[in-house]
């Protein structure tokens, strides 16, 4: 029983062009050196057969594949997932595809290997989200490749789009202090996270500028379970907690409820991210909302600006506002 192919193969293109399949592959992926006349033969064969892998025909005509690469670690985490969604929606608006590579264990070699796999594919630019362990020294990328990063240690080396971690944290802490809380405690994110470090340091500065000595923060891992664990042992004299993300804040809410501590009458709680679920907790969660669609739009825009315009010296940074959304989980402390 014979199986019919759905379309022409790379071998068909090679036979028609009188070239090797390896040469056709180099042309279609944009890797390696190919003479202009050879490229023209491959293009003509692809057009004749209707073969267009990875937008190869488009790339051969105008130098673009119509695809952006996206590199990240732990896509299941809220920030990575929502930023990825924002990038995909923004790319779709520009009629672009997105090729995603997830990095496994967060080791330097994994980042470099994943980057090499992407850059060897047919992509026009690369978006990197939260490369926590990668550094400019450990992650070498082609200088000709448009790259933009978001909330990673590579900010400063490449153009970046970041949420206003500092302004959002100041707004959260100032809100709690204005309600009359004499100190604001902090449930921080993991030590290997750049956003967690920025939120933690901004929390410290916000208290210090109010003349308050920052207490020792608690440390979570972004999950609701870690917030729940902190909430079960939360000291009775704590009246206000700023959490580094909404999921930990939601875990904290449950633990406080189980202990009979009322929110916000006994403890005020603020999260960060502005996930949709926060509006439906009880009480509804006060949070700092990141505009993930706007972050995605800016990441795609910065890549396209590098692709279509002259490269400017230095690494630009775009800061997307993060706004405080006040709901029912915060109130003045009980007298």
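A short reminder: the numbers here are calculations on the coordinates, not readings from a lab. Every value quoted in this text rests on a predicted model; they were computed, and no experiment measured them. Virtual Cβ from ideal backbone geometry, glycine too; neighbours counted across all protein chains shown.
A few comments on the model shown:
- Tail weight of P(r) past 17 Å, computed on alpha-carbon pairs of region 235-320, percent: 58 percent
- Stretched out straight at 0.36 nm per residue, the stretch from residue 335 to residue 94 would grow longer than its current Cα-Cα span by 81.2 nm.
- Residues of region 189-207 falling in the label zone of residue 219, defined by backbone nitrogen less than 20 Å from a point 7 Å along Cα to beta-carbon, are 189-205.
- For 248, 46, the sequence from fewest to most other C-beta atoms within 10 Å is 46, 248.
- Projected area averaged over orientations for region 165-291, convex hull of C-alpha atoms, nm²: 6.9 nm²
- Packing-based order for 72-84, 273-285, using average beta carbon neighbours within 10 Å, highest first: 72-84, 273-285
- Bridges between two residues of region 223-332, per DSSP, are antiparallel at a rate of about 35%.
- The Kirkwood hydrodynamic radius of region 219-278, based on inverse pair distances between different Cα atoms, is 11.1 Å.
- Computed E for residue 182/residue 209 - FRET, C-beta separation, R0 22 angstrom, nearest 0.05: 0.90
- Cα-based Kirkwood hydrodynamic radius, region 143-216, one decimal, Å: 13.7 Å
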